[in-house]
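To start, the structure itself, in structure tokens.
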Amino acid sequence: MLVDPIPLGGDLAPLARALTGPEWVLHAASQDLPCLAELDLYPTSLFDTELAGRLAGYDRVALGTLVERLLGFQLEKGHGAADWSQRPLPPDWLNYAALDVELLIPLRDRLEQELADAGKLTWALEEFEAVRTAPPARSRPEPWRRTSGIHRLRTPRQLAAVRALWQARDVIARERDLSPGRVLPDRAVIEAALTDPPDDVELVKLPVFRGRAQRRLATTWSDALRTARALPRAELPDPTPPHDGPPPPSRWADKDPDAAARLAAARAALTEIAETHTLPVENLLQPDLVRRTCWEPPATLDEPTVADMLRAGGARSWQIELTVAALTEALHATAAARDVTGPTE
């Protein structure tokens with residue numbers, strides 16, 4: 001059964017009641033759950049086939065890849081990148097959507113068996129529960145800084161242009177209920193910020209802006225660029241983005257050599273554990289948690305204290321059990337000792 005929330009005005013209360021209790025089977029659930037939560041749909045039990053594939057040791061975990069490898073079927077391709085906001089949806093798109101999930105239950109059962117055989121099922125259940133109960137992602141203070149290609153910009157004025165274009169694009173995307181990239185691609189935002197065309201005439205000479213849709217919005221984009229151009233210096237964005245947490249690891253050796261040594265030792269130890277258990281190292285322990293722990297370790301470097309720090313950072317019981325001894329040892333590393341023994345890969 002396919003359910004389209006748009007004609008229903010988002011009122012899915014009967015569906016929500018029916019779905020309360022049974023296990024939900026999703027692929028890459030962390031991508032879908034925020035959208036479902038907007039419709040007041042929340043799972044009480046979850047099995048994530050993508051996450052299960054990672055924990056089972058598969059290096060390629062796209063739905064089609066797992067279905068073909070484990071079940072021997074090939075999923076139809078062709079509409080994944082389509083504009084699903086249009087209505088009515090064509091019949092072949094509806095068929096595609098239905099077939100995309102038809103084999104999720106057999107895939108779930110196969111992966112569950114593999115995890116059980118490998119002694120990883122309890123790990124997976126902890127991970128599924130962590131995904132299910134994860135709080136909403138924190139909104140970024142300056143989301144425009146995630147514009148693809150922004151690293152090409154060099155001046156605060158160019159960054160101001162990206163910010164103004166991003167904000168104008170976001171308003172249109174929300175009004176039309178479209179992905180921002182469908183309103184104006186990131187590459188066009190960057191190109192306009194780099195060239196800074198003075199008016200509509202020059203703007204529509206740029207590649208993406210030549211299209212009919214962009215010509216209709218040329219004044220909107222030109223106004224955004226004009227606003228950025230007129231900003232006083234004090235209101236220009238800082239070229240260095242605000243950073244929550246440790247600096248980039250590439251700068252640790254200069255800022256805190258001992259922290260760099262701790263991180264190198266921790267990465268080496270965690271990689272060895274991950275390989276032993278056929279796991280992606282990022283699923284063994286969140287890289288951000290590893291960096292934060294190495295940058296600012298607890299005052300008492302024993303296993304119970306390190307375990308408490310990992311638990312406070314969101315690590316699950318199985319992750320702590322596998323890593324706490326090796327991580328505690330790595331936190332004793334110093335730059336002096338590393339210089340004597342040589343760099344750690």
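Residue by residue, here is whether (1) surrounded by 17 or more Cβ atoms within 10 Å (Cβ to Cβ); (2) touching a Gly at 6+ places or on another chain (Cβ under 7 Å); (3) among the aliphatic types (A, V, I, L, M); (4) at positive phi holds:
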{"residue": "Leu178", "(1), (2), (3), (4)": "no, no, yes, no"}
{"residue": "Val183", "(1), (2), (3), (4)": "yes, no, yes, no"}
{"residue": "Asp186", "(1), (2), (3), (4)": "yes, yes, no, no"}
{"residue": "Ala192", "(1), (2), (3), (4)": "yes, no, yes, no"}
{"residue": "Asp196", "(1), (2), (3), (4)": "no, no, no, yes"}
{"residue": "Asp199", "(1), (2), (3), (4)": "no, no, no, no"}
{"residue": "Lys205", "(1), (2), (3), (4)": "no, no, no, no"}
{"residue": "Gln214", "(1), (2), (3), (4)": "yes, no, no, no"}
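Can you find a residue that is in contact (Cβ under 8 Å) with a residue 40 or more places away in the chain and farther than 29 Å from Ala82 by Cβ anywhere in region 196-205? Talk me through it step by step, then tell me what you get.
Kept after step one, since they are in contact (Cβ under 8 Å) with a residue 40 or more places away in the chain, are these residues of region 196-205: none.
No, region 196-205 contains no residue that is in contact (Cβ under 8 Å) with a residue 40 or more places away in the chain and farther than 29 Å from Ala82 by Cβ.
Please state which of the following conditions Ser317 fails to meet, knowing it meets all the rest: (1) closer than 29 Å to Tyr58 by Cβ; (2) out of contact with any helix residue (DSSP H, G or I) (no Cβ under 8 Å at 6 or more places or on another chain); (3) not aromatic (Phe, Trp, Tyr).
(2)
Scan region 149-169 residue by residue and report those that are modelled with pLDDT of 95 or more, among the hydrophobic types (A, V, I, L, M, F, W, C) and under 16 Å from Pro197 (Cα atoms).
Of everything in region 149-169, those that are modelled with pLDDT of 95 or more, among the hydrophobic types (A, V, I, L, M, F, W, C) and under 16 Å from Pro197 (Cα atoms) turn out to be Leu159, Ala160, Ala161, Val162, Ala164, Leu165.
Residue by residue through region 138-172, note down the ones that are crowded, with 18+ Cβ neighbours inside 10 Å and of a type in the set (Gly, Ala, Ser).
Ala160, Ala161, Ala164, Ala168
Restrict the check to region 238-245 and report whether at least one residue is open to solvent by less than 60 Å² (accessible area, probe 1.4 Å), farther than 16 Å from Leu331 by Cβ, of a type outside the set (Val, Ile, Thr) and modelled with pLDDT under 95.
First, the residues of region 238-245 that are open to solvent by less than 60 Å² (accessible area, probe 1.4 Å): 245.
Then keep just the ones that are farther than 16 Å from Leu331 by Cβ; that gives 245.
Subsequent filtering for residues that are of a type outside the set (Val, Ile, Thr) retains 245.
Now drop any that are not modelled with pLDDT under 95, which leaves 245.
Yes.
Count, please, the residues in region 246-267 that happen to be open to solvent by 80 Å² or more (accessible area, probe 1.4 Å) and either of a type in the set (Asp, Glu) or in contact with a Leu (Cβ under 6 Å, 6 or more places away or on another chain) (or both). I'd like the intermediate steps shown before the answer.
Here is the first cut: in region 246-267, the residues open to solvent by 80 Å² or more (accessible area, probe 1.4 Å) are 250-251, 254-255, 267.
Then keep just the ones that are either of a type in the set (Asp, Glu) or in contact with a Leu (Cβ under 6 Å, 6 or more places away or on another chain) (or both); that gives 254.
Of the residues in region 246-267, 1 are open to solvent by 80 Å² or more (accessible area, probe 1.4 Å) and either of a type in the set (Asp, Glu) or in contact with a Leu (Cβ under 6 Å, 6 or more places away or on another chain) (or both).
Tell me which of these Trp93 doesn't satisfy, since it passes every other one: (1) open to solvent by 40 Å² or more (accessible area, probe 1.4 Å); (2) within 30 Å of Ala173 (Cβ to Cβ).
Tallying (1) open to solvent by 40 Å² or more (accessible area, probe 1.4 Å); (2) within 30 Å of Ala173 (Cβ to Cβ), Trp93 fails exactly one: (1).
If we scan region 17-32, do we find a residue that is of a type in the set (Asp, Glu), open to solvent by 40 Å² or more (accessible area, probe 1.4 Å) and either at pLDDT below 90 or in contact with a helix residue (DSSP H, G or I) (Cβ under 6 Å, 6 or more places away or on another chain) (or both)? Give the steps one after another, and end with the answer.
Step one: of region 17-32, the residues of a type in the set (Asp, Glu) are 23, 32.
If we keep only those that are open to solvent by 40 Å² or more (accessible area, probe 1.4 Å) too, we end up with 23, 32.
From the residues that got through so far, the ones that are either at pLDDT below 90 or in contact with a helix residue (DSSP H, G or I) (Cβ under 6 Å, 6 or more places away or on another chain) (or both) too are none.
For region 17-32, residues of a type in the set (Asp, Glu), open to solvent by 40 Å² or more (accessible area, probe 1.4 Å) and either at pLDDT below 90 or in contact with a helix residue (DSSP H, G or I) (Cβ under 6 Å, 6 or more places away or on another chain) (or both): absent.
In region 98-135, what residues are within 19 Å of Leu26 (Cα to Cα), aliphatic (A, V, I, L, M) and surrounded by 15 or more Cβ atoms within 10 Å (Cβ to Cβ)?
Across region 98-135, the qualifying residues are Val101, Leu103, Leu104, Leu107, Leu111, Leu115, Leu121, Ala124, Leu125, Ala130, Val131.
With region 273-320 as the region, which helices (runs of 4 or more DSSP H) entirely inside it contain at least 1 residues that are more than 22 Å from Pro257 (Cα to Cα), at pLDDT 95 or above and open to solvent by 30 Å² or more (accessible area, probe 1.4 Å)? Walk me through how you get there before you give the answer.
Values: elements: 281-284, 287-295, 303-312.
Fully inside region 273-320 and qualifying: 281-284, 303-312.
Counting only residues that are over 25 Å from the mean Cα position of the chain (by Cα) and of a type in the set (Gly, Ala, Ser), give me the helices (runs of 4 or more DSSP H) lying completely in region 1-103 with at least 1 of them.
Values: elements: 13-19, 29-37, 49-56, 63-71, 91-102.
In region 1-103, 13-19, 91-102 are the helices (runs of 4 or more DSSP H) which contain 1 or more residues that are over 25 Å from the mean Cα position of the chain (by Cα) and of a type in the set (Gly, Ala, Ser).
The values are calculated or read from the model by the stated rules, or taken from the named source; none is laboratory data. Quantities reported herein were computed from a predicted structural model and do not represent experimental measurements. Reconstructed Cβ throughout: ideal geometry from the backbone, glycine too, with neighbour counts over all protein chains shown. Keep in mind that these areas ignore ligands, DNA and RNA; they rest on the heavy atoms of the full protein, side chains included. Shrake-Rupley method; radii C 1.70, N 1.55, O 1.52, S 1.80 Å.
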